[in-house]
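Undergrad: Can you keep this structure in mind? I'll have questions shortly.
No lab work stands behind these numbers, since they all come straight from the coordinates. Note that this is a predicted model, so its numbers are computed, not measured. With ideal geometry, Cβ positions are generated from the backbone for all residues, glycine too; neighbour counts draw on all protein chains shown.
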Amino acid sequence: MGIAVLAPVPASILKSAIETCVTAGRVAFGSKVWNVFDKATTEYGKGIPVLICPTGRKDDPDELCPSVGYVNFRSLYLGTVQAVAGRHPNPDVRPSATISDTDDWDFFWEVSNLHKLAKQDQIAITDLISEGNGKPLTKSYPLYRPILVTASFL
């Protein structure tokens with residue numbers, strides 16, 4: 001069994017997140033859920049997979065996320081960066097679609113190698129097990145924040 005971070009990311013920013021990752025070599029997403037990323041860093045280290053489930057599919061102008069209940073994107077965890085006045089200290093690693101004067105994040109989690117999975121490589125949420133729970137997630141699992149998951153294929 002391997003471990004990964006399963007994270008919701010708004011579908012509306014994924015195109016610019018991929019572009020940022022290509023240009024800057026990494027991309028940063030804001031968060032206030034410190035415990036998940038602290039545990040990922042201290043217990044599992046950098047380089048673990050990050051599985052991304054797009055949220056807000058109705059606001060998906062690029063139609064990047066056609067499958068509900070599936071992980072559509074994958075990346076590698078690089079670690080966290082503390083926010084400065086709610087913003088990332090290096091705005092070049094933030095998706096352009098997220099840059100605003102209203103950023104109010106506690107920290108940012110960074111990934112590299114962000115890419116969309118081919119349809120045949122998409123991962124069903126039901127193939128993932130919530131760490132510490134031992135039960136597979138349901139197709140309608142309410143993914144409101146990042147969580148740690150395990151799976152035999154990780």
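Undergrad: Take Trp105, Trp34 and order them by how many other Cβ atoms sit within 10 Å, fewest up front.
TA: Ranking Trp105, Trp34 by Cβ neighbours within 10 Å, fewest first, gives Trp34, Trp105.
Undergrad: If you don't mind, another one. When Lys119, Lys39 are ordered from fewest to most other Cβ atoms inside 10 Å of their Cβ, what list results?
TA: In order of increasing Cβ crowding within 10 Å: Lys119, Lys39.
Undergrad: Determine, for Ile18, Ile52, the number of other Cβ atoms within 10 Å of each Cβ, and report the residues in order from fewest to most.
TA: Ile18, Ile52
Undergrad: Another question about this same structure. Within straight cross-link reach of Lys32, meaning Cα distance under 20 Å, which lysines are found once same-chain residues fewer than 8 apart are removed?
TA: List returned: Lys46.
Undergrad: Could you give each residue of the stretch 109-121 its phi-based ³J(HN,Hα) in whole Hz, using Karplus coefficients 6.51, -1.76, 1.60 with θ = phi - 60°, and x for Gly or Pro?
TA: Result, ordered by residue: 9, 10, 9, 10, 6, 6, 8, 7, 7, 4, 3, 6, 9 Hz.
Undergrad: Starting from 0 in steps of 10 Å, tell me what percent of the Cα-Cα pairs of the chain lands in each bin.
TA: All Cα pairs considered, the percentages come to 11, 43, 37, 9, 0.
Undergrad: Before rounding to the nearest 500, sum -39500 (n - 2.57) across all DSSP H runs of length at least 4 in the chain and divide by the residue total; then give [θ] at 222 nm in deg cm²/dmol.
TA: Theoretical 222 nm ellipticity from helices: -4000 deg cm²/dmol.
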